[in-house]
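Everything below concerns the one structure shown next.
The values are calculated or read from the model by the stated rules, or taken from the named source; none is laboratory data. All of these numbers come straight from a predicted model, not from anything done at the bench. FYI the Cβ positions are ideal-geometry reconstructions off the backbone, even for glycines, and counts take in every protein chain you see.
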Amino acid sequence: MLVALLLKGVLVGIIIAVPAGPVGVLCIRRTIFHGQMAGFLSGLGAATADAVFGIIAAFGLTVISDLLLDYRDWLRIGGGAFLLYIGITAFIADPLAGTQSQRDPEDLLSDYLSTFALTITNPITILAFLAIFAGIGFTGAEATLGRAAILVLGVWLGSLCWWAALSFGAGAVRLSFERHHLVWINRGSGGILVVCGVTLLGSLLVQHLG
């Protein structure tokens with residue numbers, strides 16, 4: 001029974017992680033330009049943020065969820081600004097600079113923290129968790145602390161599996177790219193991140209002006 005609950009959590013984690021958006025682009029970009037470990041740790045940061053949202057939803061931490069949702073616009077502004085920053089930085093970066101040396105531990109930590117921060121700026125994910133947990137029957141008497149812990153562990157494992165597959169899949173082909181490929185991948189990924197940041201900030205502006 002507990003194994004089934006764990007597997008349900010793994011499935012929920014994958015469902016939440018798959019529509020990765022700009023975090024997925026960032027993870028793939030870092031894998032290609034800085035190696036599999038940079039991509040994997042970027043995915044780990046996103047998986048950790050998903051697990052935090054899962055904890056809030058599974059344990060019924062309404063005070064925290066209400067606080068995050070109350071400040072969701074400010075969090076989204078921060079996320080949009082951060083996307084613009086990393087997108088512009090990526091666009092103008094030398095595409096071969098990161099492929100010529102090992103990533104420093106400080107840079108790897110920054111990779112982890114940046115995707116954690118970017119993912120945590122979207123607290124609407126908590127509502128998705130609540131809906132999915134209700135859909136799999138995790139309500140009422142089923143929602144004990146022990147079962148909640150197992151479910152969240154599954155969510156973390158599922159999300160991590162997706163990010164590991166994404167980063168190591170991209171890492172498997174990274175050495176096959178030639179310089180002109182890397183230039184266009186660099187510009188394309190940076191441009192996508194900038195567009196995501198502009199779209200996010202623009203949607204907030206339209207929302208408040210409308």
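Quick look at the values:
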read-out: Residues that are free of Cβ contacts under 8 Å to residues at least 60 places away in the same chain and either in contact with a strand residue (DSSP E or B) (Cβ under 6 Å, 6 or more places away or on another chain) or in a helix (DSSP H, G or I) (or both), drawn from the stretch 121-148; value: 127, 131, 134, 135, 140, 141, 142, 146
read-out: Answer residue from the stretch 26-67, given it is among the hydroxyl-bearing types (Ser, Thr, Tyr) and crowded, with 24+ Cβ neighbours inside 10 Å and is nearest to the chain's Cα centre (by Cα) among those; value: 42
read-out: Test set (1) under 22 Å from residue 165 (Cα atoms); (2) surrounded by fewer than 18 Cβ atoms within 10 Å (Cβ to Cβ); (3) hydrophobic (A, V, I, L, M, F, W, C); (4) modelled with pLDDT of 90 or more - residue 81 fails condition number; value: (1)
read-out: Members of the stretch 13-25 that are under 9 Å from the mean Cα position of the chain (by Cα), farther than 22 Å from residue 153 by Cβ and at pLDDT 85 or above; value: 22, 24
read-out: Meets criteria (out of contact with any Gly (no Cβ under 6 Å at 6 or more places or on another chain), under 22 Å from residue 38 (Cα atoms), at pLDDT below 85 and loosely packed, with under 15 Cβ neighbours inside 10 Å) for residue 142; value: no
read-out: Output for the stretch 163-210, where each listed residue is farther than 18 Å from residue 33 by Cβ and not in a helix (DSSP H, G or I); value: 210
